[in-house]
Amino acid sequence: MTLIVPVSTGATGNTPDRDLPRLQQGPGGAVMYYSNYFIGGFAIHGYVDVPPYPASHGCVRVPMWIATHLYG
């Protein structure tokens, strides 16, 4: 199955841009919902606000509804 979903990445351009293995998971809370860490403190995680431009501190924000699917 292929899904296309909106994401928001690092506002300063610091989000890693290569294929990286998932290193750790954590269900997190409301701020970093169902996180999949891929390097250091960088993660793909659900977030309530996913604007169509770089806005995070470096993580890849995805809509809350898809975060649980990516976590699984």
Among Val50, Val60, the single one that is touching a residue at least 40 places away in the same chain (Cβ under 8 Å), in contact with a Pro (Cβ under 6 Å, 6 or more places away or on another chain) and either closer than 16 Å to Val5 by Cα or among the aromatic types (Phe, Trp, Tyr) (or both) is Val50
Within the set of pairs 6 or more residues apart or between chains, which connect a residue that is within 14 Å of Trp65 (Cβ to Cβ) and open to solvent by 60 Å² or more (accessible area, probe 1.4 Å) inside region 25-47 to a residue that is part of a loop (DSSP other than H, G, I, E, B) and at pLDDT below 85 with Cβ atoms less than 6 Å apart? Tyr34/Pro27
Extreme residue, modelled with the lowest pLDDT, among residues of region 8-63 that are of a type in the set (Val, Ile, Thr) and part of a strand (DSSP E or B): Ile39
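The values are calculated or read from the model by the stated rules, or taken from the named source; none is laboratory data. Worth saying up front: this structure is predicted, and the values here are computed from it rather than measured. When we count neighbours, we look across all protein chains shown, and the Cβ atoms used for this are built from the backbone with ideal geometry, even at glycine. Accessible surface is based on the protein model in full, side chains and every heavy atom, while ligands, DNA and RNA are left aside. Shrake-Rupley method; radii C 1.70, N 1.55, O 1.52, S 1.80 Å.
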